[in-house]
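What follows is a set of notes on a single structure, which appears directly below.
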Amino acid sequence: MAQGLRIIRRNGVSTTVIGVIIVVLILVVAGAYYATTLNSGGGTSSSSSSSTHSSTSSHTSSSSSSSSSSSSSSSSSSTTSTGSVLTPVNLGTAGSFVILSKSGISTTGATSITGNIGVSPADSTYITGFGLTMDSSGTFATSSLVTGKAYAADYTAPTPSTLTTAVGDMQTAYTAANGEACPAANNEGTTALNGQTLAPGVYCWTSDLAITGSFTLSGSSSGVWIFQIPGTLTVSSGVIVTLSGGATYNHIFWVVGGQTTIGTTASFKGIILDYTSIAMQTGATLTGRALAQTAVTLNANTITAP
């Protein structure tokens, strides 16, 4: 009997041990399976996260690229906008005169002018050397030196008011041209134009400008040149201004704060808007207009505005 119990106890222990081992094995297998599943899920999650991050990054990069492209496009548009075409200075009714002065026009020698001349508020006594002949209308005079008409503030209406308007337009044109923005690259300081070839644009100086050598203005027929000179403009004898590529005199503006002096036999081009006076020396020619807020003095000169 005792021996039978010992066998059963041993068998019970053996059974218990085997049961425990089986449970442990099951737990190990289950744990391994769970871990594998978890790791697999985590990998998917990580991959998904990575994919999402990558997608977000790609989207961000794309947005950044789009933003950059948009910025570049905006910058390009801005550049195009700020690079707008320069337009000719509006002369208003002052453009009806080849010479317009507030205080007088005088000449000596064989001067030849093609176009109208006018003075205001000065009267006709300040137009000297022209041998004027009054027209029967009393509104203008003629001269053998002028292919056109001469007007003065003391002539019959509507001449006085017409001249007042023209002088006002001349002053407005001077202010407008002088107010055009001058790019830093075109600030010439005290540099002369001798031997240069200049494209259309606004050019400026800090003081006087003395031109001692010939130069060229090259551009299309729509090109505009504005030269802002706060001091005097002196053009030496024999200087020639050459226009090329279709450039025209009526798109060239010399905005001068001091006196303009054009030396003997010089061939000048453009519209001179002078805050003070314009003096042309013997034999000098001007293809353009002489618009002065004081006097214009001539000496055997040729002035035409084709």
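The values are calculated or read from the model by the stated rules, or taken from the named source; none is laboratory data. Because the structure is predicted, anything quoted here is derived from the model rather than measured. A quick note on method: Cβ atoms are made from the backbone with ideal geometry, for glycine too, and the neighbour counts reach across all protein chains shown. Areas reflect the complete protein model, heavy atoms only, side chains present, ligands, DNA and RNA absent. Shrake-Rupley method; radii C 1.70, N 1.55, O 1.52, S 1.80 Å.
Worth a mention:
- Among (1) touching a helix residue (DSSP H, G or I) at 6+ places or on another chain (Cβ under 9 Å); (2) part of a loop (DSSP other than H, G, I, E, B); (3) closer than 16 Å to T297 by Cα; (4) not charged (D, E, K, R), the one test that A110 misses: (1)
- Checking each residue in segment 286-306 for being surrounded by fewer than 18 Cβ atoms within 10 Å (Cβ to Cβ) and in contact with a Ser or Thr (Cβ under 6 Å, 6 or more places away or on another chain) picks out T294, A300, T302, T304.
- Segments classed as strands (runs of 3 or more DSSP E), wholly inside segment 193-306, with at least 3 members that are touching a residue at least 40 places away in the same chain (Cβ under 8 Å): 225-229, 267-274, 285-292, 295-299, 302-304
- In segment 143-165, the residues that are assigned to a helix (DSSP H, G or I) form Cβ pairs under 7 Å with partners that are of a type outside the set (S, T, Y), at six or more places apart or across chains, as follows: T159/F140; P160/A153; L163/G118; L163/A153.
- Qualifying residue in segment 196-210 (condition: among the charged types (D, E, K, R) and in contact with a helix residue (DSSP H, G or I) (Cβ under 7 Å, 6 or more places away or on another chain)): no
- Hits in segment 225-256 - residues which are touching a helix residue (DSSP H, G or I) at 6+ places or on another chain (Cβ under 8 Å) and more than 24 Å from T276 (Cβ to Cβ): L243
- S277 vs. criteria small (G, A, S) and within 23 Å of V167 (Cβ to Cβ): yes
- Evaluation of I99 against (1) open to solvent by 60 Å² or more (accessible area, probe 1.4 Å); (2) part of a strand (DSSP E or B); (3) of a type outside the set (S, T, N, Q); (4) closer than 24 Å to P230 by Cβ (one fails), failing number: (1)
- Given (1) of a type outside the set (S, T, N, Q); (2) open to solvent by less than 60 Å² (accessible area, probe 1.4 Å); (3) at pLDDT 95 or above, index of the condition D208 fails: (2)
Yes/no matrix, rows are residues, columns are (1) crowded, with 17+ Cβ neighbours inside 10 Å; (2) closer than 18 Å to F97 by Cα; (3) of a type in the set (D, E, K, R):
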position: G138; (1), (2), (3): no, no, no
position: T159; (1), (2), (3): yes, yes, no
position: G195; (1), (2), (3): no, no, no
position: I226; (1), (2), (3): yes, no, no
position: V235; (1), (2), (3): yes, no, no
position: G238; (1), (2), (3): no, no, no
position: G246; (1), (2), (3): no, no, no
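- Residue count, segment 258-279 (criterion: open to solvent by 10 Å² or more (accessible area, probe 1.4 Å) and either touching a Leu at 6+ places or on another chain (Cβ under 9 Å) or under 24 Å from S244 (Cβ atoms) (or both)): 7
- In segment 120-133, the residues that are at pLDDT 95 or above form Cβ pairs under 8 Å with partners that are of a type in the set (D, E, K, R) and in a loop (DSSP other than H, G, I, E, B), at six or more places apart or across chains, as follows: S120/K102; P121/K102; A122/K102; D123/D154; S124/D154.
- Residue that is farthest from A157 (Cα to Cα) [pool: residues in segment 118-135 that are buried (at least 19 other Cβ atoms within 10 Å of the Cβ) and either in contact with a helix residue (DSSP H, G or I) (Cβ under 6 Å, 6 or more places away or on another chain) or among the β-branched types (V, I, T) (or both)]: I127
- Residues in segment 114-126 that are out of contact with any Phe, Trp or Tyr (no Cβ under 9 Å at 6 or more places or on another chain) and either part of a strand (DSSP E or B) or not aromatic (F, W, Y) (or both) were compared, and the one that is nearest to T162 (Cα to Cα) is P121.
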